[in-house]
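Derivation of every value follows stated rules applied to the coordinates shown; laboratory data play no part. Note that the coordinates shown come from a computational prediction; the quantities given were computed from them, not determined experimentally. So basically every Cβ, Gly included, is an ideal-geometry build from the backbone, and we count neighbours across all protein chains shown.
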Amino acid sequence: MISDDKKKVLELFAEGRRLYKLLDFTEASKRFAAALAIDPEDGPSKVYLERCNHYAVEPPDEDWDGVFVMKHK
């Protein structure tokens, strides 16, 4: 059975992903950060928060298909 905290993390992550796909990286970041406040070890939220921070500085191309392409190592 999934705990209430994990359910909330999953809800926040799903909402963050929806906003991410809509290119609303600011609001998506808030959802991923909220998920991490509940579970600091949530790997997917960490990854997407990093991506949102990246896109806040370097927005994706207009024809972006939602796939993250690492341009720097």
Please give the per residue volume of the convex hull enclosing the alpha carbon atoms of the chain, rounded to a whole number of Å³. 95 Å³
Derived scalar couplings ³J(HN,Hα) [the stretch 26-43; Karplus, 6.51 cos²θ - 1.76 cosθ + 1.60; whole Hz; x for Gly, Pro]: 5, 5, 4, 4, 4, 5, 5, 5, 5, 4, 6, 5, 7, 9, x, 9, 6, x
In debye, nearest 20: dipole of the chain around its Cα centre with unit charges on the Cβ of K, R (+) and D, E (-)? 160 debye
Count the net charge of all other residues whose Cβ sits under 14 Å from the Cβ of ILE2, scoring Lys and Arg as +1 and Asp and Glu as -1. -2
Can you run phi through the Karplus equation (6.51, -1.76, 1.60; θ = phi - 60°) for the stretch 45-55 and list ³J(HN,Hα) in whole Hz, with x for Gly and Pro? 5, 4, 4, 6, 5, 4, 5, 4, 4, 4, 5
Helix-only [θ]222 nm of the chain, DSSP H runs n ≥ 4, -39500 (n - 2.57) each, per residue, nearest 500: -21500 deg cm²/dmol
Determine the sum of side-chain charges near TYR20: Lys and Arg each +1, Asp and Glu each -1, restricted to other residues whose C-beta is under 12 angstrom from that of TYR20. +2
Packing rank of 18-24, 3-9, where each peptide gets the mean count of other beta carbons within 10 Å, highest leading: 18-24, 3-9
Count of lysine pairs in the chain with Cα separation under 22 Å (8 or more residues apart, or interchain): 14
Picking from ALA14, ILE38, ALA28, whose Cα lies most toward the positive end of the charge dipole for the chain (charges on Cβ: Lys, Arg +1; Asp, Glu -1)? ILE38
